[in-house]
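**Student:** Got a structure for you, questions after.
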């Protein structure tokens, strides 16, 4: 008998080999399985799908193949008839015995909009790389819920379970630069309906396959930073939180991303990094926690006449006398 609480919807597109691995994690490594729907937006019909349909008891929905990423995500929000939706990508995996633990947890979640569990990050072959776990248990609403989720963002499939009614009421996922944006959708749910954190590992997120977070060239690094900053701007415009909370969100989205994408280019393209610093200062001028981290790690990026001080810093940090370093820091506050 299927659960009347939860539906698992798996988004799939032209990756039958990953879909098979995902389905094994759902059907072979769990004690009980709720209703499972595979929403297939593939551009062609794959022979292996029929075998998977005969091997595993899931409902198959064939989409047109022409839906955008955002359209496909929002189409999946319309599929469940249960209160909760566990939205999973075909290259994700569920953690062993996660379904039973998640369903038990959902019973006590009331009317929150989103539930977050821990994630294990894996490489394309399935080997563990790292792990993300919510910092705290509990349920949080309003600006506290927004900040608890928004300043430690791990709301990625398959570590998120959505309240179906709430997800539909806020209008579903939004599209930014042609990409389905998880962040604005998740923080709006947290702010408007509340978020509950479940401090156990429930999913495995596969890295390195068709990931949007590619900053292997300066152009890609800047594009990724621009996308994340637009997510923060969207939150400021659409959520309705206080200005102080919005500034904390923008500080996090801007400077946390800067600290990922910019430093690797300091030795090969320093002018690019200085330009990114100015862009981030325009987007997030407030001296928040994450901007202060950037200043602490790379103070010379914020010095006046940085184009002049960089060659000296690059030659030798010790070449700049301590009084001069203190004066330069004082000029930027």
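**Student:** Which of the peptides 38-45, 240-247 is most tightly packed, and how do the rest follow, judged by the mean count of other Cβ atoms within 10 Å per residue?
**Tutor:** 38-45, 240-247
**Student:** Right, something else. In Å, the Kirkwood hydrodynamic radius of the stretch 6-206 over pairs of distinct alpha carbons?
**Tutor:** Values: mean 1/r = 0.0592 Å⁻¹.
Answer for the stretch 6-206: a Kirkwood hydrodynamic radius of 16.9 Å.
**Student:** Going by how many other beta carbons lie within 10 Å of each one, how would you line up 76, 280, 180, fewest first?
**Tutor:** 180, 280, 76
**Student:** Separate question: Let me check against my output: what whole-number percent is the relative contact order of the chain, with C-alpha pairs under 8 Å and at least 6 apart?
**Tutor:** 15 percent
**Student:** Could I ask something else about it? What whole number of Å gives the distance from the Cα centroid of the stretch 169-226 to the Cα centroid of the stretch 1-73?
**Tutor:** 21 Å
**Student:** Also: What percent do you get for the relative contact order of the stretch 142-254 when only Cα pairs under 8 Å and 6+ apart count? Don't jump to the answer; show the numbers that get you there.
**Tutor:** Numbers: 101 pairs, mean separation 36.5, N = 113.
In percent, rounded to a whole number, it is 32.
**Student:** At a Förster radius of 56 Å, what calculated FRET efficiency corresponds to the Cβ-Cβ distance of residue 267 and residue 4, to the nearest 0.05?
**Tutor:** The formula returns an efficiency of 0.45 here.
**Student:** Compute the FRET efficiency between residue 216 and residue 286 as 1/(1 + (r/R0)^6), taking r as their Cβ-Cβ distance and R0 = 25 Å, and round to the nearest 0.05.
**Tutor:** It comes to 0.25.
**Student:** Next question. Rank the residues 97, 152 as a footprinting-exposure proxy: fewest other Cβ atoms within 10 Å of their Cβ go first.
**Tutor:** Details: 97 14, 152 17.
Final ranking by Cβ density, sparse to dense: 97, 152.
**Student:** What FRET efficiency comes out for residue 135 versus residue 54 if R0 is 51 angstrom and r is the Cβ-Cβ distance? Round to the nearest 0.05.
**Tutor:** 0.70
**Student:** By average Cβ neighbour count within 10 Å, what is the ranking of 104-114, 224-234 from highest down?
**Tutor:** Averaged packing, sorted descending, gives the order 224-234, 104-114.
**Student:** While we're looking at this one, here's another question. Beyond 18 Å, what percent of the Cα pairs of the stretch 135-203 remain?
**Tutor:** 34 percent
**Student:** From the P(r) of the stretch 118-249, can you give the percent of Cα pairs sitting at distances over 25 Å? Spell out each step's value before the answer.
**Tutor:** Working: 2487 of 8646 pairs.
Counting pairs separated by more than 25 Å, the tail of P(r) holds 29 percent.
**Student:** Counting other beta carbons within 10 Å of each residue's own, what order do 50, 175 fall into, fewest first?
**Tutor:** 50, 175
**Student:** Among DSSP beta bridges lying fully in the chain, give the percent that are antiparallel, nearest 5.
**Tutor:** Approximately 40 percent, going by the DSSP bridge assignments.
**Student:** How much length would be gained if the chain were fully extended between residue 61 and residue 81, taking 0.36 nm per residue of separation minus their Cα-Cα distance, in nm to one decimal? Show your work: numbers first, answer last.
**Tutor:** On the way: separation 20, 0.36 × 20 = 7.20 nm, distance 1.46 nm.
Once the chain is fully extended between residue 61 and residue 81, it gains 5.7 nm.
**Student:** Which angle from 0 to 90°, rounded to the nearest 10, does the C-alpha axis of helix 182-193 make with the longest principal axis of the chain?
**Tutor:** Approximately 80 degrees, to the nearest ten.
All of the numbers you see were taken from the coordinates with simple rules; none came from a lab. Note that the structure is a prediction, hence the values are computed from the model and not measured. Here the Cβ is made from the backbone with ideal geometry for all residues, glycine too, and neighbour counts use every protein chain on show.
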